[in-house]
Every structure is written in C-alpha cells, then in structure tokens.
1. Among (1) of a type outside the set (Ser, Thr, Tyr); (2) within 23 Å of residue 153 (Cβ to Cβ); (3) surrounded by 15 or more Cβ atoms within 10 Å (Cβ to Cβ), there is one condition residue 85 misses while meeting the rest; what is its number?
2. Mind listing whichever residues of region 111-135 are within 14 Å of the chain's Cα centre (by Cα) and at pLDDT 90 or above?
3. Could you list, in sequence order, all residues of region 24-41 that are surrounded by fewer than 18 Cβ atoms within 10 Å (Cβ to Cβ) and in contact with a Gly (Cβ under 9 Å, 6 or more places away or on another chain)?
4. If I ask for residues that are open to solvent by 20 Å² or more (accessible area, probe 1.4 Å), in a helix (DSSP H, G or I) and under 19 Å from residue 119 (Cα atoms), which ones from region 151-198 would you list?
5. Just a yes or no: is a residue in region 89-110 among the hydrophobic types (A, V, I, L, M, F, W, C), open to solvent by 50 Å² or more (accessible area, probe 1.4 Å) and either within 12 Å of the chain's Cα centre (by Cα) or farther than 22 Å from residue 189 by Cβ (or both)?
6. Got at least one residue in region 122-145 being closer than 30 Å to residue 206 by Cα and among the β-branched types (Val, Ile, Thr)?
7. Condition (residue is outside any loop (DSSP other than H, G, I, E, B), without any contact (Cβ under 8 Å) to a residue 24 or more places away in the chain and not basic (Lys, Arg)) applied to region 97-118: is it met by at least one residue?
8. Would you call residue 139 open to solvent by 70 Å² or more (accessible area, probe 1.4 Å) and more than 17 Å from the chain's Cα centre (by Cα)?
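The values are calculated or read from the model by the stated rules, or taken from the named source; none is laboratory data. If you're wondering where the values come from, they're calculated on a predicted model, not measured in any experiment. All Cβ positions, glycine included, derive from the backbone under ideal geometry; neighbour counts span all protein chains shown. Keep in mind that these areas ignore ligands, DNA and RNA; they rest on the heavy atoms of the full protein, side chains included. Shrake-Rupley method; radii C 1.70, N 1.55, O 1.52, S 1.80 Å.
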Amino acid sequence: MSGTDGNEPGMGRERRKALREREIKDKACILFARKGFAGTSLTDIADAVGLSRAAIYYYFENKEALLEAIVAEVSERPIEIWLAQSRVSTAGPEEQLRDVVRRHVTGILDRQVLMRMMAVTEAALPPALAARHATSKRRYLNNCRRIIRDGVLAGVFRPVDDRVAALAVIGMAAWTVQWHDASRPPDTAELAEAMGEMAVRSLRLDRDSAAAGTVDAVLDGLREHIGRLEQML
C-alpha cells in the first residue's frame, strides 16, 4: 500500500487506518533494524510508506509513540495473553511447559520482522519503555521458572536450577527467528510442536532407569532426591 489514503470500496475508515498503521509499523521495523532507532527519522519512515511526514502524525504522535506501539505488540500484549492463559490452566507441568514453548515459537515466527527489529533496537529503548519491556520479560521468565519448579517438586522434571533451565528454554524458542526459513520444512506449527517436546524431554525425569532396580538406578534416584531437597532448601 502506498500513496494517499483513498476510499477503497467496501472498507471502513477504521479498517483503512488499521491497515495503514500496520504498514507504518512494518516499514519502521525494517528501518529500525537497518539504521537503528536513533538513526531513523520520521521522514525516512514516511518516505518508505509513501506519505508526507505530516501525514504520519495522524497515526502516531511521534517516533517514540510508534516504537512504543511496536514494543507493546512484540512483548507486552503477547506476554499478558500467555500469562492469563497460564493462570487458568489445569494442565500438569509437562503440558504447561510444552504449551508455553509452542506459543512462544509460533508468536515469534508470526512476527519475524518485529522480532528482528527488537533484537537490534532493544538496547536503545528509551528508559521508560525499556523498563516496561524488562518488566514484561521478567514476568514471562518467572512464569517459566514457576512451571519448572512445579515439575521438579512433583517429580516430573529432574532437579535443576529453575532460572537456568527457564532461560535455556526461552532462548531456544527465541533463537528460531534467526534460522527458521518459512520456505523450507518444517512449517511453523510443526516446528513449534517439536520445540515444545524438546523442552519437556530436556527436563523430564527418567522414570525407566529409576524403576530398573539396579544399584546405579537407586543411586541416581538418591541424587535426584537430594538435588530436589537442596532446591527446596
């Protein structure tokens, strides 16, 4: 979409405005990723969209407001949705962790342009916006840690450092934006499912060896219980 906002048949004003805002954010993301936030002007963004600089102000008050809208879309709203779903979930720790990773991978790959922009722009966020972004990320990390702790205490996951494990799981999901090629298999849904299963298997307690009844299995079980006790203490 480029040029002025005409009266496209069958489209209401709000629909046209939403489409134009989407285009502005997408073009801004590309420019922020390429030139940085400080190095990109509203004129650059207006030129990329095919609008005048003055027309951009109809959609966003300034460049900071545009960035704020992008960050809200990338981190705040998705994380708020994921946390709300997690709070009402009745699934066990394994399925909760699997679901978190599936949603994370899907959300990232559905917003690849936005996520690549954030990787470049995150360190340069204005202080107030950086604080909000950090709060959202911390809430998400704490939720993953809580799921892993629940799994350890329930004897479903191996005794691990929940912070390290949560960061590893989040990093594994987040890195998909750097290497996944949508033109090659697996597709997003298949990849999200596979990554969720990998996360669970990396933490799952090996019940088969514990049930084998061998001396090694008993010693392994004791080590696991001691590890869990240390974590509780």
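1. Condition (3) is where residue 85 drops out.
2. Initial filter on region 111-135 (within 14 Å of the chain's Cα centre (by Cα)): 111-119, 122, 133-135.
Within region 111-135, 134, 135 meet the criteria.
3. The initial filter retains those residues of region 24-41 that are surrounded by fewer than 18 Cβ atoms within 10 Å (Cβ to Cβ), namely 26, 30, 34-36, 38-39, 41.
Result: no residue meets the conditions.
4. Across region 151-198, the qualifying residues are 167, 168, 170, 171, 172, 174, 178, 179.
5. Within region 89-110, the first condition is being among the hydrophobic types (A, V, I, L, M, F, W, C), and the residues that meet it are 91, 97, 100-101, 105, 108-109.
Cutting the leftovers down to open to solvent by 50 Å² or more (accessible area, probe 1.4 Å) gives us none.
No, region 89-110 has no match at all.
6. No: zero hits.
7. No; the residues of region 97-118 include none that is outside any loop (DSSP other than H, G, I, E, B), without any contact (Cβ under 8 Å) to a residue 24 or more places away in the chain and not basic (Lys, Arg).
8. On the way: open to solvent by 70 Å² or more (accessible area, probe 1.4 Å): yes; more than 17 Å from the chain's Cα centre (by Cα): no.
No, not satisfied.
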